[in-house]
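Beneath this line is the structure, given in structure tokens, with notes to follow.
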Amino acid sequence: MNRPQINRRQFLGGIGAAALSQAALLAQRPPARRLPNIVLIYADDVGYGDISCYGATRVHTPNLDKLAGGGIRFTNAHASSATCTPSRYSLMTGQYAWRRKDTHILPGDAPLLMRPGQTTLPSVLQHAGYRTAVVGKWHLGLGNGNIDWNGHIQPGPNEIGFDYSFIIPATLDRVPCVFVENDRVANLDPKDPIRVSYRQPFPGELVAREHPELLRMKYSHGHDQALINGVGRIGYMMGGKSALWVDEDISTTLTRKADAFIEHEKARPFFLYFAAHDIHVPRMPNQRFVGATPMGPRGDAIAELDWMVGQVLETLDRNGLTNNTLVMFSSDNGPVVDDGYQDQAVEKLGDHKPAGIYRGGKYSIFDGGTRVPWIARWPGHIKPDGISDAMMSQVDLTATLAALSGQKLPDDGAPDSFNELRTLLGESSTGRPYVVEQSGPLAIIQDGWKYIEPGRGPKINRATNTETGNDPQPQLYDLRKDPHERNNLAAQDSSRVAQLRSLLDKVKSETRTRP
Ligand code: NG6
Ligand code: CA
């Protein structure tokens, strides 16, 4: 893929400035070997082919392209799962989500999946002396099962390693449609308490299926329950009017919170987990981005996401933090076009390929479900303009960043997380020896061969029009020759099937795979 010329020029232009600020830093004699700041920008439902440095042409993502130009771009990087909650659980804990039964897509009132005291990515960094924050989508549960949205919502992010949190509790399309800052609903008027139910509507509540005339965006499947800001959601809620988010302003709100955290913590090492809401449904980018692409709200949400990335990079620049900050960008699962709203994503897709050359997408065990963009930039430590084909998995971030920050993991911590620091920094192209993917069934990739377990359930998710990859027969693909997973070789090569199945069985039977 050709990188647009402008990025190279922008990057070359940046070298002089970088050298200068380096000299200035040396002159000030900073404390020896300060740990780098870490910013992890984690997008929602952005596919392998959705941004321009990964080949998209109908949407331009200059800020992401610039980030990639200043660092390394991975072509064989995987989210742990084809949906949000399990991917985020693995990212936060370094444990495969499928080891637990309760890590499916969570409703907004589900209890917190992690227990206080459990080793987590933020707790490891906190222990290393970092100030830690999560800003954006959470979707890992809150409380102990009976949340009082009007009181202290605990345990939550602040009990598992984050010093500061400003979160969307579940998803944009799930109630409650409010932000939680630390352990309180932000901007809540105590005289208008919030109630949430995933069972039945509240007396007097406006419900989407009963008031289609009030919908600004119609649903295509599901999303017919609480009617908030003219959009149908999943689940019911009452009250909390002053706390309700305005969908079109979420990008600005989250970006301001992220910037404020950076500004506030710039004197010491910080870790910012910036979990962008884009490009999950309902896709309602700010007016500034409406029409930014020919693809309607789904494309415009990508443009908005790129703006959010640009703002954070600018804040780092403005504060002289760029050279000492590792910035990463990735996504929680592959792309989906129609995820439940009539937002013209299907009609206006044109020849855009959200999953690039890969088959399937969100909800799929084919590679489109988990193969995602992953960019890393750390000036002076990661060479610019790099491309790595090394196999990477997000489950490895906990052990990798533990190594970066000089932390030793406890024996039972981050049990499936490998230290891939050299791969992340572009010093090694070996990568992980194997990767496990999760959707309905599990799959394992080793040496370019992919084995998909027999899976129950429909081959096509009719609502989203995604190929799930479910098949009652085992599947085997030679990804090097057949990256699109067209040619199932399982019947021809039963010995390779047996070998990969036994590796997967071994991973499943162990409680810890970390070396
Ligand atoms: C599905 C929702 C979908 C999305 C998804 C979670 C329906 C019909 N579909 O159940 O819109 O919210 O859950 O997405 O309700 S994720 O990225 O958070 O995993
Ligand atoms: Ca997602």
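Going Cα to Cα from residue 191, which aspartates and glutamates come in below 18 Å? Please leave out same-chain ones fewer than 8 positions away.
Filter leaves 148, 205.
Find the eigenvalues of the gyration tensor of the Cα atoms of the stretch 195-238, then list the square roots of 5 times those eigenvalues as equivalent ellipsoid semi-axes, largest first, in whole angstrom.
So the equivalent ellipsoid measures 16, 11, 8 Å along its semi-axes.
If I model a spin label at residue 218 and residue 268 as a point 7 Å from the Cα along the Cα→Cβ vector, what separation in nanometres do I get?
Placing both labels 7 Å beyond Cα along the Cβ direction yields 5.5 nm.
Considering only protein heavy atoms, what per residue accessible area in square angstrom results for the chain with a 1.4 angstrom probe?
I get 40 Å² per residue for the chain.
Could you rank the peptides 457-468, 112-123 by their average count of other C-beta atoms within 10 Å per residue, with the highest value first?
Sorting 457-468, 112-123 by mean packing, highest first, produces 112-123, 457-468.
Could you give the radius of gyration (one decimal) and Dmax (whole number) of the Cα atoms in the stretch 435-509, in Å?
12.2, 37
Go from 0 up to the bin containing the longest alpha carbon distance in the stretch 251-341, width 5 Å each, and give me the % of pairs per bin.
Result returned by the calculation: 2, 13, 23, 21, 16, 11, 8, 4, 1.
Counting only C-alpha contacts under 8 Å and six or more residues apart, can you give the relative contact order of the chain as a whole percent?
It rounds to 22 percent for the chain.
Given labels modelled 7 Å from the Cα in the Cβ direction, how far is it in nm from residue 389 to residue 511?
Between residue 389 and residue 511, the simple spin-label model gives 4.0 nm.
Cross-link candidates for residue 266: which aspartates and glutamates have Cα within less than 15 Å, leaving aside residues fewer than 8 places away along the same chain?
Once the sequence-local aspartates and glutamates are set aside, what remains near residue 266 is 163, 314, 317.
Restricting the calculation to Cα positions, tell me the Rg (one decimal) and the Dmax (whole number) of the stretch 164-267 in Å.
Cα-based Rg and Dmax for the stretch 164-267 come out at 15.1, 53 Å.
Any chance you could check the Cα centroid distance between the stretch 380-451 and the stretch 321-353 for me, in angstrom?
22
Could you tell me the center-to-center distance, by alpha carbons, between the stretch 460-515 and the stretch 227-255 in angstrom?
If we compute the Cα centre of each part, the gap is 40 Å.
If the reach is capped at under 17 angstrom between alpha carbons, list the lysines near residue 383, excluding any in the same chain fewer than eight residues apart.
Candidates past the 8-residue exclusion: 66.
Calculate, axis by axis, the spread of Cα positions in the chain along the three principal axes, and write the results as whole Å, longest axis first.
So the extents along the principal axes, rounded to whole Å, are 65, 61, 48.
What spacing in nm lies between the two simple spin-label points modelled at residue 489 and residue 191, each 7 Å away from Cα in the Cβ direction?
So the label points at residue 489 and residue 191 sit 7.1 nm apart.
Give the long-range amide H neighbours of residue 234: residues separated by 5 or more places, or on another chain, with amide H under 5 Å away, using H modelled in the peptide plane at 1.01 Å from N.
HN-HN under 5 Å from residue 234: 174, 175.
Over what distance in Å are the Cα centres of the stretch 76-94 and the stretch 136-161 separated?
Result: 20 Å between the Cα centres.
What's the magnitude of the charge dipole for the chain around its Cα centre, counting Lys and Arg as +1 and Asp and Glu as -1 at the beta-carbon? Answer in Debye, nearest 20.
960
From Cα pairs below 8 angstrom and at least 6 apart in sequence, can you work out the relative contact order of the stretch 195-238, rounded to a whole percent?
Value for the stretch 195-238: 47 percent.
Would you pull out the residues with amide H under 5 Å of residue 81's amide H, same chain only if 5 or more places away, H placed 1.01 Å from N?
Hits under the 5 Å cutoff: 87, 438.
Between residue 499 and residue 357, 0.36 nm times their residue separation minus their Cα-Cα distance comes to what?
48.4 nm
If r is the Cβ-Cβ distance from residue 34 to residue 408 and R0 is 25 Å, what FRET efficiency results, to the nearest 0.05?
With a Förster radius of 25 Å, E is 0.80.
Could you tell me the calculated FRET efficiency between residue 148 and residue 473, based on Cβ-Cβ distance and R0 = 45 angstrom, to the nearest 0.05?
Step by step, r from the Cβ atoms, then E = 0.35.
For the modelled label position 7 Å from the Cα of residue 256 along Cα-to-Cβ, which residues of the stretch 185-200 have backbone nitrogen atoms closer than 15 Å?
The answer is 186-188, whose backbone nitrogens lie closer than 15 Å to the label point.
First compute the accessible area of the chain with a 1.4 Å probe, then give the percent of it belonging to carbon and sulfur atoms.
Roughly 51 percent of what the probe reaches on the chain is carbon or sulfur.
Would you mind estimating how fast the stretch 377-421 diffuses translationally, via Stokes-Einstein at 20 °C and 1.002 mPa s with the Kirkwood radius over Cα pairs, in µm²/s?
181
The values are calculated or read from the model by the stated rules, or taken from the named source; none is laboratory data. Since this is a predicted model, take the numbers as computed values, not measurements. Note that we place each Cβ from the backbone using ideal geometry, even for glycine, and neighbour counts take in every protein chain shown. Accessible surface is based on the protein model in full, side chains and every heavy atom, while ligands, DNA and RNA are left aside. Shrake-Rupley method; radii C 1.70, N 1.55, O 1.52, S 1.80 Å.
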